[in-house]
Each structure stands twice: as C-alpha cells, then as structure tokens.
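Peer 1: Here it is: the structure, laid out below.
The values are calculated or read from the model by the stated rules, or taken from the named source; none is laboratory data. Keep in mind that what you see is a predicted model, and the values were worked out from it rather than measured. Using ideal geometry, Cβ is built from the backbone for each residue, glycine included, and neighbour counts are taken over all protein chains shown.
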Amino acid sequence: MRRASRFLVLLLAVFFLLSCVTVNIYFPAAQAQKTAREIVNEVRGVKVAPEKKRESPGSFLWVGVAYAGEKALEVSNATIRALKESIRERYPRLEPYLARGVLGESLDGYLVLKDGGALGLRERAEVRRLMKAENGDREALYKAVAQALGVEESQLPRLRRIFAKEWQRTAPPGTWIEVKPGEWKRK
C-alpha cells in the first residue's frame, strides 16, 4: 500500500512538472526599433549621418573581419515599399496640420484629430480623409513589418508603440504628442 501511494505521488509530481509549459514568444525588439527608425526617417525625410566604419583588428593586413550584427537585416518587400511610398507622398499634406496642432501622434502609432474646430467644413473633411488614409497605411505597414520580422499578431501592439515613438520623434514642432494614455503635450 505504501509503495502504491509513493508511486502515485511520484506519478503526480512528474505529471505536474510536465504539465507546466511556458510559452515563450520571441520579439526582436532591437530589430523592430531599428526597422521603425529607418522607415520613419525615410518617409519623413529625416537625414541621418552615416555611421563611421570601425577598423577591424586585421585591417593592417588588408583582411576584412565581419562582425555579427554590424548591419541589421533589412526589412523590406514589395508591400512595405509601396506603403512607405504612399506615406511619404502624403506627409507634405499632413505636416502643416501636425505643426498647427490639428493632428496628434498617439501612443499606439496612429494619427488623432486633436483640434479640428478652427477648420472649415471642407478643410476638416480633407484632414479626416488624409488621417483615415494615413492610419490605414500605417496599420498595413505594421502588419507587413510584423510578418517580415516573424512577429506574432499578438505582439502587434508592442510593434505599434515602437513605431509611435519614432513618429513622435520626427513630428514637426507644434504637434500634439500623447505622452501617457490620455495625456497630451505640444512638441
């Protein structure tokens, strides 16, 4: 009897240990950050100083050394390129509304109408049309980048927040920026 109860306890312990499964979802945060920065800089026309090349330890022998991670994997495909182009072409029409504080950059990577009261009906309709097109392209861009990076759909909010920081960083002065949920300030 004692042997049977020990066996049962051991069996339950093994079952308990085997049933504790941890699902670990990989999120390439550094690569997502670099990708977001490159895309946003490109569509907003931000000039970035070229990186200095490091001398490799073997350079005096004219032997090149490859460093892992020196150049991030470029995340691009036809869909991403088309979305970047669409966003880049629209930006000159959005920029004045951002600078005037009509539109704001939210924490989740989308444009928000902040102060449309000073606009006439026709201009307000134009701003809403531009904002809807921009937010649609941004959503498609986030999904395409997530797919290219191998990020699960459940991690899209995290990717949106990474892009949001870049949109906010490159927004023109005067733009409303969401700093905390529901808390806005002018840049």
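Peer 1: Considering the stretch 22-49 alone, what residues qualify as being among the acidic types (Asp, Glu) and either under 11 Å from the mean Cα position of the chain (by Cα) or modelled with pLDDT under 85 (or both)?
Peer 2: Result: GLU38, single match.
Peer 1: For the stretch 79-93, check the following and say yes or no: at least one residue is hydrophobic (A, V, I, L, M, F, W, C), surrounded by 14 or more Cβ atoms within 10 Å (Cβ to Cβ) and in contact with a strand residue (DSSP E or B) (Cβ under 8 Å, 6 or more places away or on another chain).
Peer 2: no
Peer 1: Scan the stretch 133-144 and tell me whether some residue there is within 20 Å of LEU83 (Cα to Cα), hydroxyl-bearing (Ser, Thr, Tyr) and buried (at least 20 other Cβ atoms within 10 Å of the Cβ).
Peer 2: Yes, some residue in the stretch 133-144 is within 20 Å of LEU83 (Cα to Cα), hydroxyl-bearing (Ser, Thr, Tyr) and buried (at least 20 other Cβ atoms within 10 Å of the Cβ).
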